[in-house]
Each structure stands twice: as structure tokens, then as C-alpha cells.
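Reviewing the structure listed below.
The values are calculated or read from the model by the stated rules, or taken from the named source; none is laboratory data. Keep in mind that this is a model prediction, so the values were computed, not measured. No Cβ is skipped: glycine too gets one built from the backbone with ideal geometry, and neighbour counts run over all protein chains shown. These area figures cover heavy atoms from the full protein model, side chains too; ligands, DNA and RNA do not enter into them. Shrake-Rupley method; radii C 1.70, N 1.55, O 1.52, S 1.80 Å.
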Amino acid sequence: MTSQRIAFIDTLRGTAAMCVLLQHVVDRLIVANVSGHEAWQSVFVSLFDAGRLGVGAFFIVSGYVVPFSIRPPMALQTFAVGRFFRLYPAYWVSVLFAYAVLTWYKHLNVPPSHLIANATMLEMAMGVPVLLGPYWTLIIELAFYGLCMALYLCNGLHSQRMALMSMTGLLMLAVALSLIGRLTGLYLHANLLLNLALMFFGLALRHIDENGRADAEQQVWLATLVLVPVSAFVVLGAPERADPLFTPLSFLTGYLAAIALFLLARARLTGTTRLLAWLAKISYSVYLLHEIVLLVLEDWLSPGAGGVVQLTFAGAAVVLTLAWAAVVHRWIEQPAIDAGRRINKRLRAGARIAVAS
């Protein structure tokens with residue numbers, strides 16, 4: 001990646017992390033029935049979900065960046081090692097602290113088996129609830145990695161056509177689930193497939209950018225014109241779910257804002273700053289840790305709490321989250337990433353020696 005492209009990705013990651021944090025801070029204000037919570041709800045629940053913007057942007061960025069780390073020699077082995085050391089060590093810190101806060105501070109009865117299941121990132125596949133809300137996205141990341149590895153084995157990962165076909169196929173499946181849900185009244189989580197489609201949208205855009213064809217922008221808009229209306233159908237057509245902080249409209253506008261933000265950043269119509277670059281660096285830790293901070297601080301809030309209490313709560317949540325994320329990134333996340341790179345360097349060196357001999 002060029003430095004310009006890195007800056008474009010940094011803009012997205014930094015913005016996405018803060019959007020997720022903002023939404024979850026506001027969610028706490030609404031649930032606590034603070035003074036003026038109706039106004040917060042009228043914007044961040046009824047009209048627009050900033051957290052959905054952040055999550056959607058993260059998914060598109062993953063699709064744009066991650067598959068291009070699958071490269072020979074030892075492509076699949078080094079990819080698996082790199083992703084493991086990138087995701088799991090910081091995640092385990094989050095899981096351990098989440099379990100401690102939920103059981104010792106909140107006095108909730110969380111079985112140790114739930115801790116173990118969550119440590120795998122596959123708890124949803126096991127029918128085990130996530131310890132923290134944000135964890136639900138991680139199994140989608142793993143599913144995307146698996147699909148990318150399968151496409152690589154089939155020589156389809158670096159095909160723009162295959163990326164667009166994958167996006168379209170996932171959208172069709174999402175539409176089918178949405179229709180079945182509407183007919184049966186069941187919420188079948190068609191949005192999970194929609195999130196995977198966003199990742200392949202990002203991959204398709206990366207191929208378009210790498211190929212540099214004259215008709216590249218036409219292809220971008222064609223992919224966008226397929227993605228947007230289908231997303232609207234999937235989200236608005238799904239049956240209601242029992243969640244006071246969810247409305248289909250805010251869900252949809254969050255997704256559409258993520259797509260728009262990505263396209264604007266890609267077109268270099270948004271700038272970046274040192275702050276955004278720093279936020280991008282710690283964005284994964286921010287995502288993993290902010291809910292733990294909010295669990296501890298939410299006891300400050302009470303029905304009718306005024307503006308001073310709300311600002312104090314929000315400010316403390318932001319400062320403590322960023323400070324803790326910086327520490328975890330410095331001492332856990334980055335050393336783990338570096339360890340993965342060292343292992344991969346040895347694996348690739350060994351593979352080259354074997355070929356040479």
C-alpha cells in the first residue's frame with residue numbers, strides 16, 4: 001500500500017472506532033433515562049446508528065486490506081499465523097476483563113464454560129451468548145477469512161469478478177433469509193450475510209484500484225448500485241426484533257453511511273490527521289475494551305441525571321477507553337503482531353530454502 005492509501009484507511013479506522021464508542025455511550029444514556037434521553041433516542045435510535053456506521057466501515061476496510069496479506073510462499077499458513085496473532089492476544093485480554101467485571105463487579109452468574117467458549121471467538125456457533133455486545137462481529141471476520149482461504153485454494157481470491165460474484169451471492173442469500181423471516185416472523189439474522197457482502201464489496205474495490213482500468217469508477221458505482229438497494233431490502237424487510245435500541249431505519253442509515261464514508265475516503269475527499277492515525281492504530285483495542293469501561297461507569301447514571309453528569313460520564317468513558325486501549329496496544333497487541341511477523345518470516349525463509357534445495 002502507498003502512504004496515501006494507508007492514510008485513507010487510517011481515516012476510516014479512526015472514525016469507525018469513535019463512532020462505535022459514541023453509539024454505546026449514547027445507548028447508556030438512553031437506557032438510564034437521563035434528562036433529555038428522548039432527544040438522544042430520536043436521533044441515535046430512531047434515525048441513525050453510529051455504531052452500525054463504525055462496524056460497517058470496519059467490515060469494508062477488512063475486505064479491502066486483509067485478503068492481500070495472503071501471498072506465497074506458505075500463503076495459508078502465514079495468513080493464519082498473522083491473523084491469529086493480530087486478533088487473539090488483545091481479544092483474550094478483553095474477554096478476561098469482561099468476565100471479571102460481569103462476575104465480580106456486576107455479580108452476574110456467568111458460567112466458566114461461557115468464558116471458554118468466548119475465548120474461541122466461535123461462541124455464537126456453539127449457541128453461547130457473547131460476553132460483550134461487540135464480540136458478535138468477530139465470528140464474521142473469521143468466516144470471511146475462511147472464505148478468502150477457500151477462494152485462494154481455487155485461484156479465485158485475486159479475481160475481481162469472483163469478488164463481485166461472492167458479494168452478489170451473499171446478498172441473494174441475505175434476501176432469501178429476509179423473505180423467510182418475514183413469512184415466518186422469525187429474525188434470522190440476514191444482516192450477518194449482509195456484513196460478509198460488505199467485506200467482499202471492499203475486496204472488489206481493492207481489485208478495481210489495483211487494476212487501474214479506465215472503466216474502474218463505472219464498476220465501483222455498479223457494485224454500489226447493487227449493494228445499496230439490496231441492503232435496504234434486507235434490513236427493512238426483516239421482521240422486528242425485541243431490542244429497544246434497534247430500529248430498521250437507523251440500522252440501514254448506519255450501513256449506508258459506512259458505504260458513503262468509505263467511498264469518500266477512497267476518493268480522497270476526506271482528510272486524515274495525526275489524531276486519526278493514532279486512533280486507527282489503537283482502534284481494535286478501543287473496540288474490544290470500551291464496553292468494559294462502560295459497564296463500570298454506567299452506575300454513575302440515574303434517571304433524570306442532568307447535563308453535567310452526562311458530560312462527565314461521556315468524557316470519562318472516552319478518556320479511560322483511549323488510555324487503556326493505548327496501553328493494551330503498546331504492551332499486548334503490537335508485540336503479538338510483531339511475534340506473528342517473526343514467525344512468518346521464518347516460515348517463508350524455510351519455504352524458500354526448501355524450494356532452492
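Run down Asp338, Asp299 and say which single residue is over 21 Å from Tyr99 (Cα atoms), part of a helix (DSSP H, G or I) and acidic (Asp, Glu).
Asp338
Within region 22-74, take every residue that is closer than 28 Å to Leu297 by Cα and charged (D, E, K, R) and give me the one that is most open to solvent (accessible area, probe 1.4 Å).
Filtering first and then ranking leaves Glu38.
Exactly one of (1) within 25 Å of Leu194 (Cα to Cα); (2) open to solvent by 40 Å² or more (accessible area, probe 1.4 Å); (3) among the polar types (S, T, N, Q) is unmet by Asn109. Its number?
Failed condition: (1).
In region 94-117, is there at least one residue being under 30 Å from Thr224 (Cβ atoms) and free of Cβ contacts under 8 Å to residues at least 60 places away in the same chain?
Among the residues of region 94-117, not one is under 30 Å from Thr224 (Cβ atoms) and free of Cβ contacts under 8 Å to residues at least 60 places away in the same chain, which makes the answer no.
Where residues in region 177-199 are at pLDDT below 90 and of a type in the set (Gly, Ala, Ser), which of them is surrounded by the most Cβ atoms within 10 Å (Cβ to Cβ)?
This residue is Ser178.
Quick one: is Glu123 assigned to a helix (DSSP H, G or I) and either free of Cβ contacts under 8 Å to residues at least 12 places away in the same chain or open to solvent by less than 30 Å² (accessible area, probe 1.4 Å) (or both)?
Judged against the criteria, Glu123 is not a match.
Which pairs turn up if I take residues in region 342-356 that are touching a residue at least 24 places away in the same chain (Cβ under 8 Å) and over 16 Å from Phe79 (Cα atoms) and look for partners that are surrounded by 10 or more Cβ atoms within 10 Å (Cβ to Cβ) and of a type outside the set (Gly, Ala, Ser) with beta carbon separation below 8 Å, at least 6 apart in sequence or on another chain?
Taking only residues 6 or more apart or on different chains, the pairs are Arg352/Pro73; Val355/Pro73.
Of the residues that make up region 200-216, is at least one acidic (Asp, Glu) and either open to solvent by 70 Å² or more (accessible area, probe 1.4 Å) or modelled with pLDDT of 85 or more (or both)?
yes
Taking region 35-87, which residues are touching a residue at least 40 places away in the same chain (Cβ under 8 Å), hydroxyl-bearing (Ser, Thr, Tyr) and closer than 29 Å to Ile332 by Cβ?
Matches in region 35-87: Ser62, Tyr64, Thr78.
Which condition number in (1) assigned to a helix (DSSP H, G or I); (2) under 27 Å from Leu132 (Cα atoms) is the one that Ala265 fails?
The failed condition is (2).
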